[in-house]
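Following: one structure in structure tokens, then a few remarks.
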Amino acid sequence: MTDGPGTRRQRFFARWYPDMMQRSEDAGQAAIRARHLARATGRVLDLGTGNGFSVPHYTAAVTELAMVEPNPVLRRQLQRRTADIRARAWQVVDGDAYALPFADASFDTVTASLVFCSLDRPEAALAELARVVRPGGTFLFHEHVRGTGLLRVLHEVATPLQSRVADGCHLNRDFLGLLDRSPFAVAEVEHLRMPGPPARVTPMVVGSAIR
């Protein structure tokens, strides 16, 4: 795979995001990922893998893992992170969340971690995940969502700036509302706060849905 330099926005985001998120991982986000992703089984699609914070938490129950990351800078970081585990039938691919390069019903589990905030067409991406996961398959989601009360007002006000500096991230995204209108049926939802300053003011939802 040959990667270009990426857009200016992609390069800027890839410079600061991994270090910022590492503080959240160290403060407890990694433990949330580990507990959540331990449920992934069979052939798995990880949408928007980034630089690979989720990668260490997949277990031997995962027989194949396709990691889709459109940011070429983050994709290079992800390729380095996974270089020593290719024998487990894991692949890193460029891909469009709205037109995934996989056949219908080809995965047992699909996952997304802090991805849907940044998608321009999240409804289309949910439909694509529903297309590529088998009937009865599982969607494991781990997303930050808009707040309530004064925090919701802050998220509405801050989203235009956040979107510019964080590669399209929308603080005010109603992910659960989108999921309710998708082809998935929500099975369980845990409401948490993102660990570590300053992100700890950010609500998160972690859970699963069934196709």
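Quick note: the coordinates plus some simple rules give every number you see, no bench work behind them. Everything numeric in this text was worked out from a predicted model, so none of it was measured. Heads up, the Cβs are rebuilt from the backbone with ideal geometry, glycines too, and the neighbour counts pull from every protein chain shown.
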Segment 111-211, relative contact order in percent, only Cα pairs under 8 angstrom and at least six apart counted: 36 percent
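Would you mind working out the magnitude of the charge dipole of segment 8-210 relative to its Cα centre, with +1 at each Lys and Arg C-beta and -1 at each Asp and Glu C-beta, to the nearest 20 Debye? All intermediate terms of the calculation are to be shown ahead of the outcome.
Details: 25 positive and 21 negative charges, 112 e Å.
Dipole of segment 8-210, to the nearest 20 debye: 540 debye.
Are there any trypsin sites (Lys or Arg not before Pro) in segment 26-55 that are in a DSSP loop and have at most 14 other Cβ atoms within 10 Å? List them by number. Each step should come with its number before you reach the end.
Values: sites: ARG33, ARG35, ARG39, ARG43; in loops: ARG39.
Passing both the DSSP loop test and the Cβ count: ARG39.
Percent of alpha carbon pairs in the chain separated by more than 31 Å? List each step's numbers first, then the result.
Working: 2804 of 22155 pairs.
Value for the chain (Cα pairs over 31 Å): 13 percent.
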Counting each DSSP H run of 4 or more residues in the chain as -39500 (n - 2.57), what helix-only mean residue ellipticity at 222 nm follows after dividing by all residues, to the nearest 500 deg cm²/dmol? -10000 deg cm²/dmol
Listed residue (VAL110, MET21, ALA34) projecting farthest to the positive dipole end of segment 8-210, Cβ model: MET21
Normalising by the residue count of the chain, find the relative contact order in percent from Cα pairs under 8 Å and 6+ residues apart. 21 percent
Under the 0.36 nm per residue contour assumption, what length would be gained going from the current alpha-carbon distance of ARG23 and ALA61 to full extension? 10.9 nm
Toy charge model, Lys and Arg Cβ at +1, Asp and Glu Cβ at -1: segment 103-152 dipole around Cα centroid in debye, rounded to 20, equals 180 debye
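Calculate how many DSSP beta bridges within segment 8-210 are antiparallel, expressed in % of all such bridges and rounded to the nearest 5. Walk me through the intermediate numbers first.
Details: 16 of 36 bridges.
Antiparallel bridges make up about 45 percent of those DSSP assigns within segment 8-210.
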By how many nm would the segment from ASP120 to ARG181 lengthen if fully extended, with 0.36 nm per residue of separation less the alpha-carbon distance? 20.3 nm
